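Taking it in order: structure first as structure tokens, then the write-up.
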Amino acid sequence: MSYVYRLHLHVNGKRGADLLQDPHLNKGTAFTDRERDALGLRGLLPPRVSTIDQQVARVLENIRRKTSDIEKYIFLVALQDRQETLFYRVVMDNIEEMMPIIYTPTVGQGCVEFGHIFRRPRGLYVSYKNRGRVRELLNNWPYRGVRVIVVTDGERILGLGDLGAQGMGIPIGKLSLYTACAGIQPTQCMPVMLDCGTDNEALLNDPLYIGYPSVRLRGSAYDEFVEEFFDAVEEIFPKACVQLEDFGNANAFRLLSKYMERACVFDDDIQGTGAVTLAGIYSALRITGGRLSDQKFLFLGAGEAGIGIGDLIVTGLMAEGMPEAEARARCWYVDIRGLVVKSRTDLSHHHLPYAHDHAAIGDFRQAVEAVQPTAIIGVSGVGGLFTRQVIEAMAQINHRPIIFSLSNPTSKSECTAEEAYKWSGGRAVFASGSPFPPVTYEDRTLITGQSNNSYIFPGVGLGVVASEATRIPDEMFFAAAKALAETVTDEERAVGRIFPKLDRIREVSIAIAVAVAEVAFRRGLTKLHRPADLTGYIKGKMYVPVYEDYVPKL
Ligand code: NAI
């Protein structure tokens, strides 16, 4: 291959200003002298050549002087749009600091203000306005090798409700985490907004709203549109895995059960949440002692998160040899209308397996006393419902009560870390959805675990991509949960942590990916043969943010 041709390949034939405008290729001030001469960049950059470390230092200095998180978010989005390698280097080297900005909680505000802070498009907008032409839209995407798609219709963005097309910030943020936490190649990621309108009046009346300004599509027209999207994905990106994200309750369960049998699909709000929470439970059991089959769970909230967690706990109990009916009997739910019991007439399809033969109870504390759970799991989206009485009752029933207060953001948490420890006499094994600062109780400093889905979905994605799995059965999430729990070290557990430190996330994602890929090979869900060194094979596929030398020495 000729030298000039090799050079051409490295930079897709781009030169000069075009190269600086391409976020995948742009290195900014880090273009070397040889590159500047060979690629027509002389004069277009200040003369001093920087290292990537110097560029990282410059970025950090700029981010840290921003006084609000939304400004930091805007800055980071802009960096991703102009110099992707540097963006990932900054995020990966400073994951604890950057994750709350590129993902929850700041991304929520980013979505609320999306139309107002909009600068440059990212991701694919598949709007109902363009129904009948979805294939054409997908064909417009500039990269052919798409392997992970995160798609939302924006109906239930985080705890913020219907944000219509402005929910695009979530697929973008999640895919950034796929790359940062698990090394999925950026060009293999495609964020998709399935824009079906919005019922959010404020957005409909906002002239800067970026979506199709119409009320939300429902019924068979909605289903046909989603079907058109899945058909187009199957045809144009047949190797892609599709993550359903932040769909409204009624659609999320329906779409998952409809598509998981026929496509490579999962729902992070249901299955990802299930896996991270089950991992937290396994990890908590290493502190409290006992097996999963010794536990009884009472959920506050029976939505996507609650049912997703219950379903995976059932998978876990069945793996320990428990019959399904008995496993379901270990999971109890209280929702906005009280205890989920057989006599209720307002239950949805997904509640029925958990509706027990029991008298109706309206109050959560009474439910705690009636059910006598070993663990309570808050996924109601309502702050403060784990009251002092609830936690004291749990501490009376159990020597080490497991208390997971998972609702986000912090203001919606069912209780704070401090309340859980204080009211249980320091005995609670606690995890939360939002981060809480360490708590000093008597002479101990307790560091709470954050039950964050980003421990799970990047690793699952990596395992699916690397193994070329064609389906994502629940068994993969069960394997992911076990693998995640096993990554927690004794030192981490000693201070109350039931999840690993976030700065080990790449190592954690590899462990999860291996476990997921093993399921694919064992279950025959791939045409690939299992590589002898599966871990090495997976590691070899991971993206690393280093600048490629475009003009190597002859
Ligand atoms: P959802 O809207 O599907 O379900 C909410 C459930 O809570 C419903 O069953 C509703 O009846 C119940 N509920 C509402 N108010 C209540 C009240 N006053 N008393 C009793 N029950 C009440 O929402 P989803 O997706 O299940 O999420 C719930 C919460 O879990 C959100 O705050 C979300 O941020 C959080 N979450 C946390 C995750 C994590 O930590 N890893 C992952 C996914 C969700």
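A few notes on this one:
- Considered as a group, the residues in the range 373-389 that are in contact with a strand residue (DSSP E or B) (Cβ under 7 Å, 6 or more places away or on another chain) and among the β-branched types (V, I, T) include one that is farthest from the ligand (Cβ to nearest atom), and that residue is T374.
- Residue that is modelled with the lowest pLDDT [pool: residues in the range 303-321 that are of a type in the set (G, A, S) and assigned to a helix (DSSP H, G or I)]: A319
- Test for V150: is it within 20 Å of the chain's Cα centre (by Cα), within 30 Å of G381 (Cβ to Cβ) and either within 16 Å of the ligand (Cβ to nearest atom) or not hydrophobic (A, V, I, L, M, F, W, C) (or both): yes
- Within the range 95-116, being touching an Asp or Glu at 6+ places or on another chain (Cβ under 8 Å) and of a type in the set (D, E, K, R) holds for one residue alone: E96.
- Which listed residue, of D195, D268, is closer than 20 Å to L312 by Cβ, at pLDDT 95 or above and of a type outside the set (A, V, I, L, M, F, W, C): D268
- Of all the numbered requirements in (1) at pLDDT below 95; (2) among the hydrophobic types (A, V, I, L, M, F, W, C); (3) under 15 Å from the mean Cα position of the chain (by Cα), V495 misses one, and that requirement is (3).
- The set of residues in the range 123-173 being of a type in the set (G, A, S), modelled with pLDDT under 95 and in contact with a helix residue (DSSP H, G or I) (Cβ under 8 Å, 6 or more places away or on another chain) consists of G159 alone.
- Scope the range 401-460; condition more than 12 Å from the ligand (Cβ to nearest atom) and in contact (Cβ under 8 Å) with a residue 60 or more places away in the chain; matching residues: I402, V429, F430, P458, G459, V460
- Counting only residues that are on the phi < 0 side of the Ramachandran plot and part of a loop (DSSP other than H, G, I, E, B), the range 84-129 holds 10 of them.
- Selected residue (criterion: nearest to the chain's Cα centre (by Cα)) from residues of the range 209-264 that are assigned to a loop (DSSP other than H, G, I, E, B) and either of a type in the set (K, R) or within 16 Å of the ligand (Cβ to nearest atom) (or both): E245
- Each residue in the range 357-372 was checked for being away from the ligand (no atom under 16 Å from the Cβ) and not small (G, A, S), and 4 pass.
- Residues in the range 485-500 that are surrounded by fewer than 18 Cβ atoms within 10 Å (Cβ to Cβ) and either in contact (Cβ under 8 Å) with a residue 12 or more places away in the chain or aromatic (F, W, Y) (or both): E486, R493, V495.
- Count of the range 311-341 residues, restricted to those that are more than 16 Å from the ligand (Cβ to nearest atom) and either surrounded by 12 or more Cβ atoms within 10 Å (Cβ to Cβ) or under 17 Å from T277 (Cα atoms) (or both), is 13.
- Residue pairs meeting the criteria (Cβ under 7 Å; at least 6 apart or on separate chains; first over 27 Å from M98 (Cα atoms) and surrounded by fewer than 23 Cβ atoms within 10 Å (Cβ to Cβ), in the range 178-207; second β-branched (V, I, T) and modelled with pLDDT of 95 or more): D199/V215; L204/T198
- Scope the range 315-329; condition of a type in the set (G, A, S), within 17 Å of I281 (Cα to Cα) and free of Cβ contacts under 8 Å to residues at least 40 places away in the same chain; matching residues: A327
- If you go through the range 158-171 and keep only what is buried (at least 24 other Cβ atoms within 10 Å of the Cβ) and either part of a loop (DSSP other than H, G, I, E, B) or of a type in the set (A, V, I, L, M, F, W, C) (or both), you end up with L163, A165, M168, I170.
- Taking the numbered list (1) touching a residue at least 40 places away in the same chain (Cβ under 8 Å); (2) over 19 Å from L278 (Cβ atoms); (3) near the ligand (Cβ under 10 Å from one of its atoms); (4) under 28 Å from the mean Cα position of the chain (by Cα) in turn, H349 passes all entries but (3).
The values are calculated or read from the model by the stated rules, or taken from the named source; none is laboratory data. Source: prediction; values computed, not measured. We place every Cβ from the backbone using ideal geometry, glycine too, and count neighbours over all the protein chains shown.
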